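Here's the structure, in structure tokens; my notes come after.
The values are calculated or read from the model by the stated rules, or taken from the named source; none is laboratory data. Computed from a predicted structure; not experimentally measured. Glycine gets a Cβ as well: all are built from the backbone with ideal geometry, and neighbour counts include every protein chain shown.
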Amino acid sequence: MNITALLAQAVPEGRVFGLDSQTLASAGIQLLNAIILAVALTFILYKPVKQFLQNRADKIKGKMDETDSAMEKANQLIAEYENKLKEIDIEGNKIIEDARRKAAEESKAIVEGARMEAQEIKRRTQESINEERRRFKEESRLYIIEVASLMAEKIIAKTIDDETQDKLFEEALAQLEHAPWQG
Amino acid sequence: MGLDIKNYWVLNIFGFEVWITETIVNTWIIMLILIILAIIVRVKLRSFKDIPAGLQNIIEAAIEFFDNFATGTLGEKLSYITPWYFMVFAFILSSSLFSVFGLRAPTADFATTLALALASFVLMLFMGFKHQKGRYLKTFFEPHPIFFPLNLIGELAKPVSLSFRLFGNMLSGTIILTLYYSLTPIFVQIGIPSLLHAVFDVVFGALQTYIFVIISLMYVRNAADQ
């Protein structure tokens, strides 16, 4: 390019306004300056700051979405736990009810068993008493028979003969068999 | 502070003289400042936190405010051209604030405002043809082909009005301040000018920046949506 800077004294006088080729040339230079400035400001300042603002807005939006999602999850968990608590309550009540029912059945069985055992004991005792009574009755009768025999023998030996003696013995024995026993 | 735009150098490019004016040099200074600030922010961006504080708050608020404003005006479909208008916004506002330091605002030169307006005009035509295709060309002949010259003038008037509005407003502030500095004694040139700078450079500068950007955005939007 053939660009030559002329000396200061050759520089023309200044002016306020003119509509000529110099104005157009100056306008061209100013337009070039404007384009350079626009490019510089756009890439150094405007776009990076806008990008920063956009990133921050996205970040805030992301965090808000994240919070909403976490809140939704928390609500779901709350609902889930509430359901579980309800189920646990129902299950607990069921277990208590079962236990109560089982306890009642068991108690009934125990009482029934005890009653049966008591009856058995009573029955056995009664049997034992009866046996004892029968044995005593037998022993007493034999003893009385013996005593009575002895007494009768002594009396009869003094008063009656053998035939009368046997008859009396038989009658006495028959009476003893029908007599009620005390004790 | 003079009214004339000084010429610093003259370049000879293929036999054609190109003046390197005060406006161009001031534009380079502003570009340098803006790019350095952008690099500082870019470096700081690495340590930006999720909860903003201090400088981060200002940067985020500025970018978010402009993006919402531009996208709201252009619509989502055209939001990819917002970086260009972010540059236009930053540059015009910085130019106005540049005057606070007694330096000539690049926007007080018609070449600058013409360049920005032409860029918007080209963008408008490009978006019109890109999004509407043949229908955009048809709009020049509506409601009747006889209106074509009027429609054409109406379209061509857009960059002219855009550029002259900004140029006129910025130059008027420069003229008023220059007159004030030239015509008043030295003892009233301390303190009082700060108020004038606040009004003409800061308030009017911000207002004109907003007007230029929103009108450009609407031109582009209308061209793409018509």
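Of the residues B:A70, B:A115, B:A108, the single one that is within 13 Å of the chain's Cα centre (by Cα) and touching a residue at least 12 places away in the same chain (Cβ under 8 Å) is B:A108.
Residues that are in a helix (DSSP H, G or I), surrounded by 11 or more Cβ atoms within 10 Å (Cβ to Cβ), at pLDDT 85 or above and within 7 Å of chain B (Cβ to nearest Cβ) are absent from segment A:9-21. The set of residues in segment B:83-137 that are surrounded by 24 or more Cβ atoms within 10 Å (Cβ to Cβ) and part of a loop (DSSP other than H, G, I, E, B) comprises B:R104, B:A105, B:D109. Going by what's in this entry, would B:A53 be described as part of a helix (DSSP H, G or I) and small (G, A, S)? No. Here A:A38 meets the list (1) modelled with pLDDT of 95 or more; (2) more than 8 Å from chain B (Cβ to nearest Cβ) almost entirely, failing just condition (2). Sub-8 Å Cβ pairs linking a first residue in segment B:202-216 that is within 12 Å of B:T107 (Cβ to Cβ) and basic (K, R) to a second residue that is surrounded by fewer than 22 Cβ atoms within 10 Å (Cβ to Cβ) and modelled with pLDDT of 95 or more, at least 6 apart or interchain, number zero. Take segment B:171-188 and flag every residue that is polar (S, T, N, Q) and either closer than 14 Å to B:V100 by Cα or under 21 Å from the mean Cα position of the chain (by Cα) (or both). B:S172, B:T174, B:T178, listed by residue number. Inspect segment A:127-138 for any residue being of a type in the set (G, A, S) and either more than 14 Å from every other protein chain (Cβ to nearest Cβ) or exposed (fewer than 10 other Cβ atoms within 10 Å of the Cβ) (or both) and give the result as yes or no. Yes - at least one qualifying residue is present in segment A:127-138. Given the structure, is B:L55 buried (at least 16 other Cβ atoms within 10 Å of the Cβ) and either of a type in the set (A, V, I, L, M, F, W, C) or farther than 25 Å from B:V160 by Cα (or both)? So B:L55 fails the test.
If the condition is being more than 7 Å from chain A (Cβ to nearest Cβ) and under 18 Å from A:A34 (Cβ atoms), then segment B:29-48 contributes B:I29, B:I30, B:L32, B:I33, B:I36, B:L37. Scanning segment B:75-105 for residues being away from chain A (no Cβ under 11 Å), in contact (Cβ under 8 Å) with a residue 40 or more places away in the chain and of a type in the set (D, E, K, R) gives a total of 1. Scanning segment A:45-93 for residues that are farther than 30 Å from B:I36 by Cα and basic (K, R) returns A:K61, A:K63, A:K73, A:K84, A:K86.
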